[in-house]
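Taken together, the values in this text are just the output of simple stated rules run on the coordinates, not laboratory data. Fair warning: this is a prediction, and the values are worked out from it, not measured in the lab.
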Amino acid sequence: MLQDIRRSLYIELLRKFLLSCALFAALFVVLMLIEHFVPNLKGTLLRWTDWDFIVGIPASVVGVAYVMTIANPNNYLGFYAGILMALLLSVQFYLIGSYDLVLLYLFVFIPFLIMSIKNWKQTQTTSQENPPAFLPAKRFAWVIFTFAVIIFLDYLLTTFVLTENNKGVLLADWQIKLVSAIMISSSFFANLLLIKKKNEAWIFWILYSISGIIFYILVNNIFSIFLFVIFMLVNANAQVAWFKNTKTKDMGWVSQLKI
């Protein structure tokens, strides 16, 4: 019985990976057509000469497969794809020169993903019921407070300490620094809350995607805008899937909302 379940989980992971490949293949076809018919954009949408862009492609494909897989709150195998994504992103950020993000992915996010595998797998192998749940109101309030504090501290760090990156380039205007801080803080809590199957993880992933869209609009990176729109749609779909799997008794702070 358990072997049949695992086989179905492996098949689901493979299906999501193939779907992610097809999705990005379609995206690249669209972008290639845009570059063909708008010569001024050639080399700006698809930067095949940049190694960080090339490494980012498999990172994005695996990342979308990861999210689509764990949209099923019973499929812990998606976190293995998440670890591969984090390793690829670490390489990408190393090539860019963002060494702080390299450390964040290697020593924070990957341990979170490993803990998620352990927790999700344990509940499945012991046949314990562990559906998605929302945080209690007070705990969610503390998460929001800490989320805001991290944004504030990161903004101060980039304003008064890290005034330039490792390549000697001055860091961006306050709008970009603020949006970047939101991305870092939201991705931290998204990874943390996934460990215990908390629905708020997807709220933070959606916020991460929206702030990513704004960030890449500000820095004029058209390809990444398309990429984060895909992330936003995939994360929103996962949020809906988890919400449907949440029992009434596990609605937490949401049950206190007067709609």
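Overview of values
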item: Debye log10 I(q)/I(0) for the stretch 17-137, one point scatterer per Cα, at q = 0.10, 0.11, 0.12, 0.14 Å⁻¹; result: -0.43, -0.50, -0.58, -0.74
item: Lysines whose Cα lies under 22 Å from that of K196, excluding same-chain neighbours fewer than 8 positions away; result: K118, K121, K138, K244, K247, K249
item: The chain - convex hull of the alpha-carbon atoms, volume per residue in Å³; result: 140 Å³
item: Axial C-alpha extent at least 24 Å, average Kyte-Doolittle at least 1.0 - helices from the chain (DSSP); result: 2-37, 51-70, 78-96, 137-160, 174-194, 200-218, 222-244
item: Mean-position separation - Cα centroids, the stretch 1-67 and the stretch 194-212, in angstrom; result: 21 Å
